[in-house]
Amino acid sequence: MTYDVIIIGAGPGGIFSAYELVKKNPMLKVAVFEAGHALNKRKCPIDGDKIKTCIGCKSCSIMSGFGGAGAFSDGKYNITNDFGGTLYEYIGKKHALELMRYVDDINMQYGGEGTKLYSTSGSKFKKLCVQNDLHLLDASVRHLGTDINYIVLENMYAYLKEKVTFFFDTPVETLSIVDGGYKITCQNGEYTCKYCVVSVGRSGSKWMESICRDLDIEVNSNRVDIGVRVELPAEVFSHLTDELYESKIVYRTSKYGDKVRTFCMNPKGAVVNENTNGIITVNGHSYEDPAKQTENTNFALLVAKHFSEPFRDSNGYAESIARLSNMLGGGVILQRFGDLIRGQRSTPNRIEESFVTPTLNATPGDLSLVLPKRILDGIIEMIYALDEIAPGTANDDTLLYGVEVKFYNMEVSVDKNLQTKYDGLYVIGDGSGITHSLSHASASGVYVARKITE
Ligand SMILES: Cc1cc2nc3c(=O)[nH]c(=O)nc-3n(C[C@H](O)[C@H](O)[C@H](O)COP(=O)(O)OP(=O)(O)OC[C@H]3O[C@@H](n4cnc5c(N)ncnc54)[C@H](O)[C@@H]3O)c2cc1C
């Protein structure tokens with residue numbers, strides 16, 4: 001089978017790439033190959049009853065399938081260059097913001113209309129934060145919520161399936177260069193194309209690495225973020241979340257000078273497991289529908305770790321820490337802040353007696369046996385700093401789930417068109433290491449589609 005364009009991966013990067021390609025040129029023959037299931041077949045087996053923790057499915061429905069890692073996410077589209085990726089370094093700040101706004105417009109057309117766009121602009125919290133040595137980053141954030149995000153994806157799939165050929169449950173095994181383009185092989189056969197857009201996200205990081213090795217494409221990697229997910233009563237952060245929804249706050253620790261930041265804030269949300277290449281870590285999301293909301297707010301506290309030569313395997317370092325938590329807890333470990341400070345493990349009894357009810361079934365334990373001292377010290381310092389602007393953050397019953405890891409894919413060497421050294425081979429989205437968010441990944445998809453149709 002021969003196509004004009006083959007897209008590998010149906011996450012936001014791949015979807016927006018396909019959307020823009022057929023919109024700009026309806027005559028193009030486009031195929032999308034996706035390792036995971038179609039949207040309506042994606043179901044995580046954890047039901048909190050019979051199956052309480054991650055059973056390591058062959059294809060993780062949280063991370064893979066139509067919609068990619070974003071399908072059951074909170075659907076927070078941050079329109080900013082301050083975080084979420086470094087797309088602007090390739091295409092310029094103005095253009096990056098324009099593309100993110102374009103993506104927002106499409107989301108509104110496909111079911112997101114009526115959802116709220118929050119903004120830090122003119123917020124009184126900037127002053128409050130800086131008075132406490134905390135730094136609030138600038139952003140506009142569209143919160144679709146997990147429920148509306150799903151509807152947008154359903155509508156986009158309904159539109160795309162008439163114009164694009166989708167292959168689900170079809171992981172691409174190899175990618176090679178042939179006369180006039182590229183060839184991919186899957187279990188069900190071989191396919192060729194003139195242009196190939198690789199958008200395999202975080203779950204495809206190992207595969208991406210092997211392709212870069214095979215095709216001798218340069219990669220670079222030296223960063224990983226490690227930390228915990230914090231869960232507390234929604235009232236503690238409601239003054240911030242009501243106005244901003246999500247606040248990205250950065251703090252520099254006095255002890256080590258490390259940067260700690262809040263990440264992925266989910267007001268009245270739920271904490272969930274995340275399975276990356278068989279390692280169970282933690283994440284969170286929340287619904288737009290009040291009926292599905294919880295009494296808790298959760299967010300990650302992450303410490304950025306940059307390594308210098310000769311160490312290169314930053315993801316391997318974080319994987320080892322996550323593996324340790326899996327070894328001790330059989331999955332994610334849960335500890336009350338008070339227990340951590342007193343140097344005692346949390347027990348099922350202590351969690352039961354806590355005033356905060358966990359939204360994820362995790363193993364009560366001791367995070368100080370898992371997290372390196374430097375990282376744990378940073379998190380504790382940040383919790384006390386946040387307590388100044390959101391009193392109650394440092395309460396005994398504040399729950400900490402560990403570990404949360406933000407793996408950064410190695411940065412694939414591409415030019416300002418997001419094209420590799422091979423003509424017509426593009427790498428976009430989180431799989432490129434350039435983006436780390438829904439909005440940046442989607443924007444990168446639109447960008448390469450326009451380059452191809454030009
Ligand atoms: C629980 C959760 C909540 C999140 N919440 C937010 C949020 O609120 N806001 C935000 O900005 N970001 C959020 N994120 C991150 C966000 O989902 C990602 O940044 C975004 O999905 C990246 O898009 P992508 O298209 O680059 O990659 P992905 O969404 O990861 O999609 C890549 C796709 O490629 C497929 N694939 C991989 N390898 C192959 C292969 N060899 N062959 C075929 N297919 C392959 C995968 O199955 C996957 O479906 C969240 C992530 C998770 C897990």
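Each reported figure results from applying straightforward, stated rules to the coordinates on display, with no laboratory input. These numbers were taken from a predicted model, which means no experiment stands behind them. Heads up, the Cβs are rebuilt from the backbone with ideal geometry, glycines too, and the neighbour counts pull from every protein chain shown.
The table that follows gives values for the structure above.
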| quantity | calculated |
| --- | --- |
| Theoretical gain in end-to-end length, K94 to I341 [0.36 nm per residue, Cα-Cα removed] | 84.4 nm |
| The chain - Kirkwood radius from inverse mean 1/r over Cα pairs (Å) | 22.3 |
| Pairs of lysine residues in region 1-77 - Cα separation under 26 Å, sequence separation of 8 or more or cross-chain | 10 |
| Dimensionless Rg/Rh of region 1-59 - Kirkwood Rh, Rg from C-alpha atoms | 1.17 |
| Distance between modelled label sites at H135 and Q109, nm, 7 Å Cα→Cβ extension | 3.8 |
| Net charge of Cβ neighbours under 11 Å - reference P233; Lys, Arg +1; Asp, Glu -1 | -3 |
| Modelled FRET efficiency - R0 22 Å, K416 with Q187, Cβ distances, 0.05 increments | 0.05 |
| Helix runs (DSSP H) in the chain reaching 24 Å along axis by Cα, Kyte-Doolittle at least 0.5 | 373-389 |
| Residue-span extension gain [T86 to T174] - 0.36 nm each, minus C-alpha spacing | 28.9 nm |
| Mean ellipticity per residue at 222 nm, deg cm²/dmol - from DSSP H runs of n ≥ 4 across the chain, formula -39500 (n - 2.57) | -9500 deg cm²/dmol |
| Charge context of C44, other residues only, Cβ under 14 angstrom, K/R +1, D/E -1 | +3 |
| Gyration tensor over alpha-carbon atoms, region 295-454, equivalent ellipsoid semi-axes in Å | 38, 18, 14 |
